[in-house]
Structures are given as C-alpha cells and as structure tokens.
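Structure first, then comments.
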There are 2 protein chains.
Amino acid sequence: MTEEEKKEGVAAVAEVSNKQVVLKAYITDGRAPRKDDMAVTVSTLPELKAPKGSGGFLVKNLYLSCDPYMRGRMRPPSPASYIPSFLPSRPIEGFGVSEVVDSDNPEFQAGDFIAGMTGWEEYTLIQKPQQLRKISRNHAVPLSYHLGLLGMPGFTAYCGLYELCSPKAGEFVFVSAASGAVGQIVGQLAKLEGCRVVGSAGSATKVVNRRLKISFSELVVLLHSWIVQKNCCRYFPQGIDIYFDNVGGEMLDAALLNMRVKGRIAVCGMVSQHAVTDSGPGIRNISNVIVKRIKMQGFLQSDFLHLYPRFLDHVTAHFLAGDIVYVEDVDDGLESAPAALAGLFTGENIGKKVVRVVPPESRNSMN
Amino acid sequence: MTEEEKKEGVAAVAEVSNKQVVLKAYITDGRAPRKDDMAVTVSTLPELKAPKGSGGFLVKNLYLSCDPYMRGRMRPPSPASYIPSFLPSRPIEGFGVSEVVDSDNPEFQAGDFIAGMTGWEEYTLIQKPQQLRKISRNHAVPLSYHLGLLGMPGFTAYCGLYELCSPKAGEFVFVSAASGAVGQIVGQLAKLEGCRVVGSAGSATKVVNRRLKISFSELVVLLHSWIVQKNCCRYFPQGIDIYFDNVGGEMLDAALLNMRVKGRIAVCGMVSQHAVTDSGPGIRNISNVIVKRIKMQGFLQSDFLHLYPRFLDHVTAHFLAGDIVYVEDVDDGLESAPAALAGLFTGENIGKKVVRVVPPESRNSMN
C-alpha cells in the first residue's frame, strides 16, 4: 500500500504469495521434457479475490494432472498442433481439481469443487470456465480420481474402446502401457465386456502391481521387439481383435503382425516415439492392414465430449460396484511437479501420475 | 479312341486342344512375379461338353483380367493368406469374361455370357458357379469392361471410396496409381461427388493419357519421396481429406504428413511394396494418425458383396451418361498373358490390364 493510498483511506489488503511452475523455454528438438525445462517461482496475488466485473473465479488448486499430451504444448507454436503451446515464463496449464475461493461468476460459489483446465500454481483465476465440471461435495469417488478415472484419461479410454473398437464378448484385446492412466481403464472396461485382455507394461515393477494384475487376464512385460513379437504370439495364439495403442513404434508393428481379420486399432498415444527422431525404423508391417481388413484410427477425446455424461455414469457405477480399481502415483507439493511430468517420458510412474498441491491435513474440506 | 472303344461302337468324339497358362512353381522369396514364372502349355479336352451329372458348365474364355492380388496366390500356401494359393502346374485362376459352350447346370445355357472366376486357358469347366454374374447379351457396356469398370476393380473403388471414405463435395481427394484399374474409377467417382481430385501415376506416359486427364482435376507424376512430399504440399495446400492408397510405402508416408484433421485413408493396395523386403524404411509418419484423428482402413471388396447390385446400377448409369471413361490396356492371346501379369509389377500397363483370349473377328457373337 502506498503512502497515497493510506492518505485516501483505502483499506489495507494482505498480498498472497502464489507458487507457480513455469516453462522456462520451448523445447525445440525432438527430445522428451526434462525436469529442468521447468522452474518453480513465486508470484503474488493482491488478495484472494476474483476481481469484480471479471466474470471469473479464483480457485485453490488441490491436485494437478501429469499427462503425456502436455509435451506437445512445450514445443514452439505450430499450425500443425491441435492445442496451443504454453507461454514461456508463464505457469504451465493442465487438468486439475480445485476449490473455488472467491467468485464473480454466479454459476460458481466459494467452496465449489471443480475439475478442468487450471494453472500449475497454488491459485488460479479462471475466466473462461470451458469444459469445467463441478464435483458434488459428497461425491463417492476420491477427488484426485476426477483427473484420471473420471477425467480425461478415463474418458480417452472410454471413447477409444467403445467408439472406435466396439468390443464384443470373447474378443482378444491387447493394451499397451496397461498400467498407465488410460491403459488400466481400457483393460478393465474390456474385461467387463467379456473380452480376454492382455496388457503390457514397460517394466517388471509395473507388472507386479497386484491391484492392476487382478483386473487383467494377463499383465505382461513386453520390451524389445523380438520379445514383443514372440510374446504377442504366445499370449494371443488366435490373434488380436482389438489393440489399444498407447506406445507406437515396435509395439504397434508387433501388434499389426498379430492382428486378426477385421481387427481394430485405436491409436491413442505413442509415448515410445516422443523422443524418436526420424532415424528410427518406422512401421514395417502396415500391409497387414489390407490383408486383415484392419481399421486403425487415431482420436482425441475432445472430439467426443457429448459422450462425457454417459461415460461418467458408466464408470462411476462400475467403480462404486467394485468392478474397477484405479492405481495412482501421487507426488506431494508443486516443487515435485517438474520431475513428475518429466518422469512420464522415462516410464517412472506406476499408474496415473498426480501432483497433490495441498496435503489433506492442510485442508478442512474433502479427501 | 481305343481299339476297344471302336469295337464297342462308341461314337467317335473329336478331342479339343486347350491352351493353358500354368504356374511353374511357387515364388518363395519377396520378389514380384516374372514372365517366366508361368508357362503356356497345351492340354486336351475329350470334347466340348460339360460332363453329364457334373452340375457344371463348360465356358470359352474371352477376356482374362490381370490383377495385382494374384501375386499372393503365387506364393506357397499360408494360413495368413486370405485367398488360396494357385496349384503349381495347373492353370492360373482369375477373373474372366466367358461364353457358356455347354451346360449341365439348368441356370446356365450355352450362349450365356458370364463374368467371374475362371481359368487362364481357352476352355474351363466351372463346377462351383460362386460369385458369377451373367451379362445380358445386349448389355450396353463392352464385354471386357466387366473385368474392370464393372468388375472387381470397379467394385473395389466403389467400396473403398463410399464405404470407407464417405466423400463430401468440396473435399480434397488424392488417389495414387490413378491410371490403374481401380484408381481411375476412384478419381472419377470422387469428382462426380464434387471433390477436388488429384491423381498420381508412376510415369509421365501414364499422365499424358488424355482420356484420363480430363477425368481428374489434376493428374500428376509423383515419384521419389522428396518429390512426393513437395508435390503433396503443392497440390494440396489445404491438405488431403481422403487418400485412396494403391501404392503404400513412401507415398503413404507422404500422404500421412499432408492429411487434414479427420482425414480418411482407404488402404487398397501397396503395389510399391510387392518386391520390398524388410530392409525398407517403413512408415515414419504414423503419429499423424493421432494428431489429425485419421481413420486408416484396409479392406477387401469381397467383404461388401451385398453392395454389388447397387454398385452396378450406379456405375453403369454414370458410364452410359458419359460421366465416366475407362482406359484399358489389352494384350492379345494367351501367350501374352504371363508378360501381361508380370508387367503390372513393373508398372508397364496404362489402364486396366486385360488379356483378350479370342480376337473379336474369331467370334460370331458380341464385342
């Protein structure tokens, strides 16, 4: 407060510090993000209020979601991208679960819990509440699960499996990155449809996760291509009807070789390819697409948003009935966020990677 | 006739020679078929009759179709193949237009014209008349066009374009091998739907074909990959909505790079890959499938046979209205058949490759 303000009798307001995770600079080569591409800084807010007339609302961020697609936003702006780049020196954006602190928008009240796009910081002023979802205070699903099971990854699993692959009882389903945020839901939903599901994960540690293991017919480690091809044959002696691809590269190539006639491939992600330059081997088995009449389709969950309510009903009901488990990998504090995000690309997470900004003991509200 | 037959008073019947094109031996490596994989031999028929009680009918083959898929039948039998291998030393089988000479099947009469599977020989006894189509004697479309425009290639074009790609007016369509049996129909049908169509062909000779040129928005030569990528950008500054792939390899890779959001790729053939072993570069741009939400689908026309009547009506009407032209590349005589088939894989044909077994002047019937 300035001397002038004091003279004019303006009430003193306490400035609030706001810790933020910012992108230092764009990643201009093909490599995966590293922890030191980001920095934790502290800015200040004049007060914990949404400015009058802004139509926005101020939230306290509780959980932040680390997702592989975010790598695309760390590249320089490009017309080819489906999503805008982050702004250097500004907080990273991503899905989060937040609590409304103050609101200038009649549709949101202090105390509301919401899931949607927010900033990687303690407090965010949300001015365009697009694709935000309110979470009822007595919702039976843990708050952080709204980033995974009931969030974008869960919805991605749902759209890819049902809309692109139409699973039928008895079909053979292969899911790569099966312990990941999306893969674990694909596998469990397919099993609930009566499919025989084999999932692969990048390390033995991921495979031994008991909670996940019980939710797949088989959860196996498939690593290098010759192992992949050998194991594809072993686990699918009759071939694969549905391959839900989170990995790309050699895994996709191996699956192509082992697909059955009229097989379907949902191409969801290619996490193996995030750091690959064009010296890699490429996909060699693409001609299987013809002989086996394979449908291979890429998709983004954002093209299916009209199905979100149906997805929420479907998955919530199965979760409450105990049919679906969800494995999270939670780190505490904004300081942990850069390493948490970078770790996605080295395969360090087991389950959905989440950053808990505020520990539960510092909150007087929900889980 | 033996002495014994003469004694028993069996009426003398004149043996008939039957020239045949046989497969000498299976092609066991990855190479394309060569002329000398086949031989022209002569067998004999006891008489020009369908044996009583056989339920079959004897046809005189008039036109034979050379199609790339036949290469798959020249390989040793494999459970992975969608179609049985040819039998070595036996006549090659393929689509043909034939005239019934004698019949023990009440549904077929001497003088009937039929299109369907037959042998590469002068006369064939057909015992399983599956997927055969009778051609009315006064059909307004030339007989040989029943192998291309109204045959399997035309139907392939129809299914791939309409069932897989759903073309809409104003969309940008790219067809490779556009002067081939399938490609030329895809391009013309798409143009009739109001699409802007660019076709590519493997040589300048093919592109200067005036009849084809007028039926495409552009018909261009796209050869090596760097030319492909440059030209894809030049001819599709706004990108490609539909790519009808007859070629595979570098062309598919270039198209993937240039696809628009929600683009569709019908994977019909990969003629460029018939002689490629796995030392080739593979497909590198597959990740475009995700970002651009591309649907890439392989297909076989045989999965859509219920649509054949609708296809015949649609294409016949357009042909009779003068909306569609069809370019054939016809060789005369069974002796020319091995080179005609082999020439498909070196790109020697301009238009649908057909072998005319019987020259028109030797027939007293139709065109």
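The values are calculated or read from the model by the stated rules, or taken from the named source; none is laboratory data. From a predicted model like this one, the values you see are computed outputs, not experimental measurements. Please note: Cβ atoms are built from the backbone with ideal geometry, for glycine as well, and neighbour counts cover all protein chains shown. When the accessible area is computed, the model is the full protein with side chains, heavy atoms only, and any ligands, DNA or RNA have been set aside. Shrake-Rupley method; radii C 1.70, N 1.55, O 1.52, S 1.80 Å.
Does B:Y63 meet the test of being touching a Lys or Arg at 6+ places or on another chain (Cβ under 7 Å), outside the structural domain of B:T156 (by TED's automatic domain parsing) and of a type in the set (S, T, Y)? Yes. Consider B:R310 carefully, then state whether it is more than 9 Å from every other protein chain (Cβ to nearest Cβ), at pLDDT 90 or above, assigned to a strand (DSSP E or B) and surrounded by fewer than 18 Cβ atoms within 10 Å (Cβ to Cβ). Considered against the rule, which asks whether it is more than 9 Å from every other protein chain (Cβ to nearest Cβ), at pLDDT 90 or above, assigned to a strand (DSSP E or B) and surrounded by fewer than 18 Cβ atoms within 10 Å (Cβ to Cβ), B:R310 comes out as no.
Residue-level check: of (1) open to solvent by 20 Å² or more (accessible area, probe 1.4 Å); (2) at pLDDT 95 or above; (3) among the charged types (D, E, K, R), B:D241 misses just (1). Scanning the range B:98-116 for residues that are buried (at least 19 other Cβ atoms within 10 Å of the Cβ) and closer than 25 Å to B:L149 by Cα gives B:S98, B:E99, B:V100, B:F108, B:D112, B:F113, B:I114, B:A115, B:G116. Taking each residue of the range A:65-82 that is in contact (Cβ under 8 Å) with a residue 40 or more places away in the chain and looking for partners that are of a type in the set (K, R) and not in a loop (DSSP other than H, G, I, E, B) with beta-carbon atoms closer than 6 Å, six or more apart or interchain, yields A:C66/A:K353.
Scanning the range B:25-43 for residues that are in contact (Cβ under 8 Å) with a residue 60 or more places away in the chain, surrounded by 14 or more Cβ atoms within 10 Å (Cβ to Cβ) and part of a loop (DSSP other than H, G, I, E, B) yields a count of 5. Scanning the range B:267-289 for residues that are at pLDDT 90 or above and in a helix (DSSP H, G or I), we see that the one that is nearest to the other protein chains (Cβ to nearest Cβ) is B:V289.
Taking each residue of the range B:354-367 that is on the phi > 0 side of the Ramachandran plot and open to solvent by less than 50 Å² (accessible area, probe 1.4 Å) and looking for partners that are aromatic (F, W, Y) and at pLDDT below 90 with beta-carbon atoms closer than 9 Å, six or more apart or interchain, yields nothing. Starting from residues that are farther than 24 Å from A:E122 by Cβ and hydroxyl-bearing (S, T, Y), keep the ones in the range A:1-32 and report whichever is modelled with the lowest pLDDT. Restricting to residues being farther than 24 Å from A:E122 by Cβ and hydroxyl-bearing (S, T, Y), the top hit is A:T2. Among the residues of this structure, A:G199 does not count as one that is out of contact with any Lys or Arg (no Cβ under 6 Å at 6 or more places or on another chain), touching a residue at least 12 places away in the same chain (Cβ under 8 Å), open to solvent by less than 20 Å² (accessible area, probe 1.4 Å) and closer than 18 Å to A:F299 by Cβ. Scanning the range A:47-86 for residues that are away from chain B (no Cβ under 14 Å), under 23 Å from the mean Cα position of the chain (by Cα) and basic (K, R) yields one hit, A:K60. The number of residues in the range B:153-174 being within 21 Å of B:V330 (Cα to Cα) and surrounded by fewer than 24 Cβ atoms within 10 Å (Cβ to Cβ) comes to 1. Every listed requirement among (1) more than 11 Å from chain A (Cβ to nearest Cβ); (2) more than 25 Å from the chain's Cα centre (by Cα); (3) not polar (S, T, N, Q) is met by B:K292 save one, (1). Counting the residues of the range B:234-266 that are farther than 15 Å from B:G298 by Cα and assigned to a strand (DSSP E or B) gives 6. Among the residues of this structure, A:P68 does not count as one that is crowded, with 22+ Cβ neighbours inside 10 Å, in contact with an Asp or Glu (Cβ under 6 Å, 6 or more places away or on another chain) and assigned by TED's automatic domain parsing to the domain that holds A:D331. Looking only at the range A:112-148, which residues are of a type in the set (S, T, N, Q) and within 18 Å of A:H306 (Cα to Cα)? Those that are of a type in the set (S, T, N, Q) and within 18 Å of A:H306 (Cα to Cα): A:Q130, A:Q131. Would you mind finding the one in B:A177, B:A190 that is buried (at least 20 other Cβ atoms within 10 Å of the Cβ) and on the phi > 0 side of the Ramachandran plot? Being buried (at least 20 other Cβ atoms within 10 Å of the Cβ) and on the phi > 0 side of the Ramachandran plot holds for just one of B:A177, B:A190, which is B:A177.
Restricting attention to the range B:324-339, does a residue exist that is part of a helix (DSSP H, G or I), free of Cβ contacts under 8 Å to residues at least 40 places away in the same chain and surrounded by fewer than 21 Cβ atoms within 10 Å (Cβ to Cβ)? Yes: the range B:324-339 contains one or more residues that are part of a helix (DSSP H, G or I), free of Cβ contacts under 8 Å to residues at least 40 places away in the same chain and surrounded by fewer than 21 Cβ atoms within 10 Å (Cβ to Cβ).
Just one residue in the set A:A342, A:A317 is modelled with pLDDT of 95 or more, farther than 27 Å from A:I92 by Cα and assigned to a helix (DSSP H, G or I); that residue is A:A317.
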